[in-house]
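Remarks on the structure that follows.
The values are calculated or read from the model by the stated rules, or taken from the named source; none is laboratory data. This one's a predicted model, so the numbers in the text were calculated from it and none came from an experiment. Counting neighbours? That spans all protein chains shown, and the Cβs are built from the backbone with ideal geometry, glycine included.
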Amino acid sequence: MIEHTLDTDNSILYVKPDDELDRKDFEQLAHTVDPYLRQHGSLAGMIIDAPAFPGWDDFAALVSHLRFVKDHHKQIRKVALVTDSAIANVIEHVGAHFVSAEVRHFPARDVAAAVLWITSGIPE
């Protein structure tokens, strides 16, 4: 399951997975963010706050995750991975070749630094 909130003041989607990712999680994310994107065109950023990577419930969940990324990556300027999971380093470096968003890794529990990076407007 993914808990998520959309901070419309700062144009940031906060995502916090707390269990294996499910196909319906990405449908709910799209339901939340798509109306905002239709009205505003883009998000300043997305913060994925996951102390550890939870994995996917099944193959359908993985496919839904990839589809969400494919459908939304051009409309999100920055993605902050707030985690201590080793997979974040891989995503930060490999993901940069596949998504338009600038991706940066932050240590777990350092959401404030991720917000500052997204809202500063300064690429790093």
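Would you mind stating whether ILE2 is touching a residue at least 60 places away in the same chain (Cβ under 8 Å) and on the phi < 0 side of the Ramachandran plot?
no
It is to be established whether one or more residues within region 67-77 are under 19 Å from SER120 (Cβ atoms), among the β-branched types (Val, Ile, Thr) and either part of a helix (DSSP H, G or I) or at pLDDT 90 or above (or both).
yes
Please verify whether region 22-43 includes one or more residues that are surrounded by fewer than 20 Cβ atoms within 10 Å (Cβ to Cβ), of a type in the set (A, V, I, L, M, F, W, C) and closer than 23 Å to ALA108 by Cα.
no
Of the conditions (1) in contact with a strand residue (DSSP E or B) (Cβ under 8 Å, 6 or more places away or on another chain); (2) more than 14 Å from VAL115 (Cα to Cα); (3) hydrophobic (A, V, I, L, M, F, W, C), ALA52 fails just one. Which one is it?
(1)
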